[in-house]
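Participant: I have a structure here, written as C-alpha cells, and I will follow up with some questions on it.
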Amino acid sequence: MEKYEIKVFISQPMTKPDKDDVLKLREKTKECIINNRELVASIFNIDTDDKSIDIKFVSTYERIAPDNAPKLYYLGEAIKDLGETDLVVFCDGWESARGCVVEKVVVDTFKIPYIETRLINEEVSILHLVKYTKGGSLWKQKITSK
C-alpha cells in the first residue's frame, strides 16, 4: 500500500484572550482535519483508504523567536512554511487577522488548496473547500463536516 504524506498549515488569529485558547483551537482544528481524512484525500485525488494518508501539521506557532526578532518574524516564518505546504486551513476569524490575510494572499497567489473552518458550539466544522483546477481556475465547494 502506498503511503501519502499531506502537509497541512493552520492559519489562525493569534488575538484570542490567551495562549491556551489559541492552542485549544489549534488542537480542535487538527482533530477536525484528521476526522475528515477522506475529504483531505479527495483534494489531491487520492483514491485510497484513510490509513495510507499521513497528515503532518506544519506550524510556526510553537517556534521560539530569537531575542532580537523583528516584529514580522513569525509572519516571515509562516510564509516560508507555506512554500512546503500541501493544504492550508483557515480558522474562524482569519478574515480580521492581518497575518492570516497576508497568508491568504500567498495561498491565492500560489494556488495552494485550502479549507475554511468555523467554530460552532465549541466544535470546529469545515465550511468550504477550495482548490484550483489544472487550468488554474478556482473551484469552491460548501462542506458539512463530521
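Participant: Could you pull out the residue among Glu31, Glu5 that is at pLDDT 90 or above and surrounded by fewer than 11 Cβ atoms within 10 Å (Cβ to Cβ)? Explain how you work it out, then say what you get.
Facilitator: Working: Glu31 fails: surrounded by fewer than 11 Cβ atoms within 10 Å (Cβ to Cβ).
Result: Glu5 is the single residue among Glu31, Glu5 that is at pLDDT 90 or above and surrounded by fewer than 11 Cβ atoms within 10 Å (Cβ to Cβ).
Participant: Taking the conditions exactly as written (surrounded by 11 or more Cβ atoms within 10 Å (Cβ to Cβ), touching a helix residue (DSSP H, G or I) at 6+ places or on another chain (Cβ under 8 Å) and acidic (Asp, Glu)), does Glu38 satisfy them or not?
Facilitator: yes
Participant: Among residues belonging to segment 60-81 that are of a type in the set (Ser, Thr, Tyr) and outside any loop (DSSP other than H, G, I, E, B), point out the one that is nearest to Ile6 (Cα to Cα).
Facilitator: For segment 60-81, the residue satisfying everything is Tyr74.
Participant: Report the residue count in segment 118-138 for those that are touching a Lys or Arg at 6+ places or on another chain (Cβ under 9 Å) and outside any loop (DSSP other than H, G, I, E, B). Give the derivation first.
Facilitator: Residues of segment 118-138 touching a Lys or Arg at 6+ places or on another chain (Cβ under 9 Å): 119, 122-132, 136, 138.
Subsequent filtering for residues that are outside any loop (DSSP other than H, G, I, E, B) retains 119, 123-132, 138.
The qualifying residues number 12.
Participant: Any residue that is hydroxyl-bearing (Ser, Thr, Tyr) and over 12 Å from Ile10 (Cα atoms) - is there at least one of those in segment 93-110?
Facilitator: First, the residues of segment 93-110 that are hydroxyl-bearing (Ser, Thr, Tyr): 96, 109.
Keeping just the survivors that are over 12 Å from Ile10 (Cα atoms) gives 96, 109.
Yes, because at least one residue in segment 93-110 is hydroxyl-bearing (Ser, Thr, Tyr) and over 12 Å from Ile10 (Cα atoms).
Participant: Assess whether Asp86 counts as being among the charged types (D, E, K, R), touching a strand residue (DSSP E or B) at 6+ places or on another chain (Cβ under 7 Å) and within 15 Å of Leu25 (Cα to Cα).
Facilitator: Spelling it out, it is not the case that Asp86 is among the charged types (D, E, K, R), touching a strand residue (DSSP E or B) at 6+ places or on another chain (Cβ under 7 Å) and within 15 Å of Leu25 (Cα to Cα).
Participant: So, of the residues in segment 1-33 that are in a loop (DSSP other than H, G, I, E, B) and touching a residue at least 12 places away in the same chain (Cβ under 8 Å), which turns out to be farthest from Leu82 (Cα to Cα)?
Facilitator: Top of the filtered list is Met1.
Participant: Specify the residue that is modelled with the lowest pLDDT; the eligible residues are those in segment 88-117 that are of a type in the set (Asp, Glu) and outside any helix (DSSP H, G or I).
Facilitator: Asp92
Participant: Testing Val58 on (1) out of contact with any strand residue (DSSP E or B) (no Cβ under 6 Å at 6 or more places or on another chain); (2) closer than 14 Å to Ser11 by Cβ; (3) modelled with pLDDT of 80 or more; (4) not acidic (Asp, Glu), one condition comes back false. Which one is that?
Facilitator: Going through (1) out of contact with any strand residue (DSSP E or B) (no Cβ under 6 Å at 6 or more places or on another chain); (2) closer than 14 Å to Ser11 by Cβ; (3) modelled with pLDDT of 80 or more; (4) not acidic (Asp, Glu) one by one, Val58 breaks only (1).
Participant: Can you name the condition, by its number, that Ile112 falls short on among (1) of a type in the set (Val, Ile, Thr); (2) exposed (fewer than 15 other Cβ atoms within 10 Å of the Cβ); (3) within 16 Å of the chain's Cα centre (by Cα); (4) under 19 Å from Ile33 (Cα atoms)?
Facilitator: Checking Ile112 against (1) of a type in the set (Val, Ile, Thr); (2) exposed (fewer than 15 other Cβ atoms within 10 Å of the Cβ); (3) within 16 Å of the chain's Cα centre (by Cα); (4) under 19 Å from Ile33 (Cα atoms), the one that fails is (2).
Participant: Moving on. Taking segment 111-126 as the region of interest, how many residues are in contact with a Ser or Thr (Cβ under 6 Å, 6 or more places away or on another chain) and either more than 16 Å from Pro13 (Cα to Cα) or among the aliphatic types (A, V, I, L, M) (or both)?
Facilitator: 3
The values are calculated or read from the model by the stated rules, or taken from the named source; none is laboratory data. Small disclaimer: the values here were computed from a predicted structure and weren't measured. Don't worry about glycine lacking a Cβ; one is built from the backbone with ideal geometry, like all the others, and counts go over all protein chains shown.
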